[in-house]
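Before any comments, here is the structure.
The values are calculated or read from the model by the stated rules, or taken from the named source; none is laboratory data. Treat the numbers as computed from the prediction; the structure is a model and nothing was measured. Heads up, the Cβs are rebuilt from the backbone with ideal geometry, glycines too, and the neighbour counts pull from every protein chain shown. The protein model used for the area step is the full one, side chains on, heavy atoms only, and it has no ligands, DNA or RNA in it. Shrake-Rupley method; radii C 1.70, N 1.55, O 1.52, S 1.80 Å.
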Amino acid sequence: MIRFDERVVLVTGAGRGLGAAYARAFAQRGATVVVHDAGVEQDGSGGDPSVAQAVADEIGGVASVENLEEPGAGTRVVEQVLERFGRIDAVVQNAGLVIWEELEAADRSWDRMRKVGIDAPFQMSAERTRPGLAAYAVAKMAAVGLMFVTAAEGVEHGILANAISPAAATRVLTWKVEPGELEPEQVVPGVVFLASEECTFAGKVLEAAGGEFSVASWTSSPDVDFGREPVDPETIAERWNEIEGLVSRT
């Protein structure tokens, strides 16, 4: 049986909804749960510490009420947990906001969404690991997300948006290549095509390197249907290869 005895689990955004459900499940399996939630409204305003405290009291956990919009909040949450317990065994970064705005008005919530959805999770992850390319990877994935939104909202205005994922021997390349390999000019035709009127589609990511081109895609494995009643985590573990699509269904 999957247990978390003598383990400390931090769950952000755990005062309501999914986060609260996660917190309860970890507590039921023996974890000491740090229930983080600033208790803000749906638009990120305000704050109510009783939201986190109520769940913490229910499960015998500890409340954390830092507002993740504040500078360094993610780091402070981790430091507070380490100071109290001396360890963190798992972090579920569930906190987030969904603010519906058209693209042209998105600058109103841009900083708020970035702070909660990117800055705070980065601070929590980097507090112990200090990854080398985290900022670069997040920036590029954010650019892809922005491209998808632009493609979706731009279609009715005749605006197409696509992305290029290039590899070339420029000064930012982190490994050495032989002369003539991965030349920038080998990527150029793809970008020129995407910007031309010959390109009639949107929402694609074109990979380009060394004269080779391909389109990136994200696919899902076939569903494994367990029905509407929640299953045990042990069932997920037992049938993971099937869920991932590595073996045929039983």
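Could we say that Gly19 is closer than 20 Å to Glu69 by Cα, in a helix (DSSP H, G or I), open to solvent by less than 10 Å² (accessible area, probe 1.4 Å) and touching a Gly at 6+ places or on another chain (Cβ under 7 Å) here? Considered against the rule, which asks whether it is closer than 20 Å to Glu69 by Cα, in a helix (DSSP H, G or I), open to solvent by less than 10 Å² (accessible area, probe 1.4 Å) and touching a Gly at 6+ places or on another chain (Cβ under 7 Å), Gly19 comes out as yes.
Does segment 26-39 include one or more residues that are among the hydroxyl-bearing types (Ser, Thr, Tyr) and either farther than 26 Å from Met141 by Cα or open to solvent by 70 Å² or more (accessible area, probe 1.4 Å) (or both)? So far as segment 26-39 goes, yes, one or more of its residues are among the hydroxyl-bearing types (Ser, Thr, Tyr) and either farther than 26 Å from Met141 by Cα or open to solvent by 70 Å² or more (accessible area, probe 1.4 Å) (or both). Residues to consider are Gly96, Gly13; find the one that is surrounded by fewer than 17 Cβ atoms within 10 Å (Cβ to Cβ) and under 19 Å from the mean Cα position of the chain (by Cα). Residue meeting the stated conditions: Gly96.
Per-residue answers, yes or no, for (1) surrounded by fewer than 19 Cβ atoms within 10 Å (Cβ to Cβ); (2) at pLDDT below 95; (3) not aromatic (Phe, Trp, Tyr):
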{"residue": "Gly61", "(1), (2), (3)": "no, no, yes"}
{"residue": "Val77", "(1), (2), (3)": "no, no, yes"}
{"residue": "Phe85", "(1), (2), (3)": "yes, no, no"}
{"residue": "Ile88", "(1), (2), (3)": "yes, yes, yes"}
{"residue": "Arg108", "(1), (2), (3)": "yes, yes, yes"}
{"residue": "Asp111", "(1), (2), (3)": "yes, yes, yes"}
{"residue": "Ala120", "(1), (2), (3)": "no, yes, yes"}
{"residue": "Thr129", "(1), (2), (3)": "yes, yes, yes"}
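Here the helices (runs of 4 or more DSSP H) wholly within segment 64-161 that include at least 1 residues being under 27 Å from Val191 (Cα atoms) are 134-154.
Per-residue answers, yes or no, for (1) farther than 24 Å from Gly17 by Cβ; (2) in contact (Cβ under 8 Å) with a residue 40 or more places away in the chain:
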| residue | (1), (2) |
| --- | --- |
| Thr75 | yes, yes |
| Glu83 | yes, no |
| Asp89 | no, yes |
| Glu104 | yes, no |
| Ala120 | no, yes |
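As for segment 216-228, it holds at least one residue that is hydrophobic (A, V, I, L, M, F, W, C), closer than 30 Å to Leu18 by Cα and touching a residue at least 24 places away in the same chain (Cβ under 8 Å).
Can you pull out the helices (runs of 4 or more DSSP H) entirely within segment 185-250 that have at least 3 residues that are surrounded by 14 or more Cβ atoms within 10 Å (Cβ to Cβ)?
Those helices (runs of 4 or more DSSP H) span 188-194.
Being farther than 30 Å from Ile2 by Cβ and modelled with pLDDT of 95 or more holds for only one residue in Val187, Val215, Val149, and it is Val215. Checked against (1) in contact (Cβ under 8 Å) with a residue 24 or more places away in the chain; (2) open to solvent by 40 Å² or more (accessible area, probe 1.4 Å), Met147 meets all criteria but (2).
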